[in-house]
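Remarks on the structure that follows.
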Amino acid sequence: MKSLVDIMGGTISVKSELGKGTEFIVDLYVPLAEAKVEEHSEENITENLMDARILLVEDNEINIYVAQLILEKDGCVVEIANGTYHCHDSGCF
């Protein structure tokens, strides 16, 4: 994370207290886009995803559940690989 923040010209700071937790603060300069962003309707995006084959590589069960739920709701066919090791086993993507 720090190397990405450095590349983007930002700063990262950490505050930590035993028994209370840790706070990470990331400051990045992100310029406003000059080009006008084309608007897409939700229907257009959903149509583009219909029957798309998605290889979901994730090792967190909650993230897998949420991503799979959203993708399948939009008509995607989702193959799940639990981490990069299992990603190679699927072989069909």
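The values are calculated or read from the model by the stated rules, or taken from the named source; none is laboratory data. Note that the structure is a prediction, hence the values are computed from the model and not measured. As a convention, Cβ positions derive from the backbone with ideal geometry for all residues, glycine included, and neighbour counts pool all protein chains shown.
Being part of a strand (DSSP E or B) and at pLDDT 90 or above is not true of V66.
The C-beta contact set for region 60-71 (first residue within 18 Å of L49 (Cβ to Cβ) and among the hydroxyl-bearing types (S, T, Y), second residue in a helix (DSSP H, G or I) and at pLDDT 95 or above, distance under 9 angstrom, 6+ apart or interchain) is empty.
Would you mention how many residues in region 1-37 are charged (D, E, K, R) and not in a strand (DSSP E or B)?
Here is the first cut: in region 1-37, the ones charged (D, E, K, R) are 2, 6, 15, 17, 20, 23, 27, 34, 36.
Adding the requirement that they be not in a strand (DSSP E or B) leaves 2, 6, 20, 34, 36.
So the count comes out to 5.
Within region 15-50, if we keep just the residues that are hydrophobic (A, V, I, L, M, F, W, C) and surrounded by fewer than 10 Cβ atoms within 10 Å (Cβ to Cβ), the residue that is modelled with the lowest pLDDT turns out to be V37.
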